[in-house]
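Take a look at this one; I'll ask things after.
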Amino acid sequence: MTISPDSLVLWRWGPLPLNATIVFTWLVMAVLALASWLITRRLSTGTDMSRWQNLLEVVVTGIREQIEQVSHQDPSRYLPFVGTLFLFIAMANLLNIIPGYMAPTGSLSTTTALAICVFFAVPLYGILYEGPVAYLRHYVQPTWLMLPFNIVGEISRTIALAVRLYGNIMSGTVIVAILLSLTPYFFPVVMQLLGLLTGMIQAYIFAVLAMVYIASATSARRRDARPAKSGDSASTS
């Protein structure tokens with residue numbers, strides 16, 4: 001029983017293996033790129049827009065609303081990154097309906113790569129919003145003794161983000177495989193449908209958590225800066 005796509009090597013060139021994780025990751029990216037090109041090549045602003053454009057606008061609008069609710073900021077700056085995370089994970093899990101396909105999110109290497117993207121995006125957005133000095137000052141508040149704890153917290157948060165997504169996707173694969181060996185007809189179909197629902201939920205949770213971490217690097221500092229600004233204006237008057 002193959003649980004992780006990492007263990008399924010499709011082709012090998014010397015010491016470099018080409019496993020199912022890489023192949024199916026390319027497949028997901030190709031599907032997203034092709035779908036986006038097909039939908040956006042003939043965009044319409046009138047009432048005669050296609051159903052696919054309608055679907056795309058619903059998805060984009062929903063992502064924007066979620067970002068705004070989490071961050072209380074303009075979602076435009078975060079939409080490309082958070083939206084890409086959500087669409088990639090959702091499509092990777094949705095393609096499980098194809099026989100022989102294995103979701104790359106069932107590989108710890110893929111979920112770790114996604115979590116590392118979030119790990120670097122959090123300070124990047126924080127620095128772009130407040131500047132490097134103001135952002136790095138957060139790691140030594142309220143005292144310099146908190147520096148190692150804050151660094152460990154950032155690393156452990158990244159590990160938890162990767163393991164959470166990997167564990168949920170892998171557990172669904174294991175359950176389907178066990179039920180398939182016991183009852184090869186009815187229950188695997190039900191669990192497959194449940195797995196698709198779980199995959200969509202996990203895509204939503206991963207994107208929301210990524211936005212929460214990014215918002216904590218920007219909106220929290222904005223709230224800290226407001227009293228100082230009001231105090232300065234009061235002293236000036």
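Using only the Cα atoms, work out Rg/Rh for segment 14-69, with Rh taken as the Kirkwood radius, to two decimals.
1.20
Can you list the residues of segment 75-114 with backbone N under 18 Å from a point 7 Å past the Cα of Glu154, pointing along Cα to Cβ?
Of the residues in segment 75-114, 113-114 have backbone N under 18 Å from the label point off Glu154.
I'd like the trypsin sites (Lys or Arg not before Pro) in segment 1-98 restricted to DSSP loop residues with at most 11 other Cβ atoms within 10 Å, sorted by number.
Arg41, Arg42
May I pose another question? Can you quote the Å³ per residue value for the convex hull of the Cα atoms in segment 42-168, rounded to an integer?
Expressed per residue, the convex hull around the Cα atoms of segment 42-168 is 147 Å³.
Out of segment 41-149, which GluC sites (Glu not before Pro) are coil in DSSP terms and have no more than 11 other C-beta atoms within 10 Å?
Passing sites in segment 41-149 do not exist.
Please give the length that would be gained between Ser50 and Leu34 if that part of the chain were fully extended, namely 0.36 nm times their separation in residues minus their C-alpha to C-alpha distance (nm, one decimal).
4.1 nm
We did not get these values from a lab; they are worked out from the coordinates using the rules stated. Predicted model, so just to flag it, every value in this text is computed and none were measured. A quick note on method: Cβ atoms are made from the backbone with ideal geometry, for glycine too, and the neighbour counts reach across all protein chains shown.
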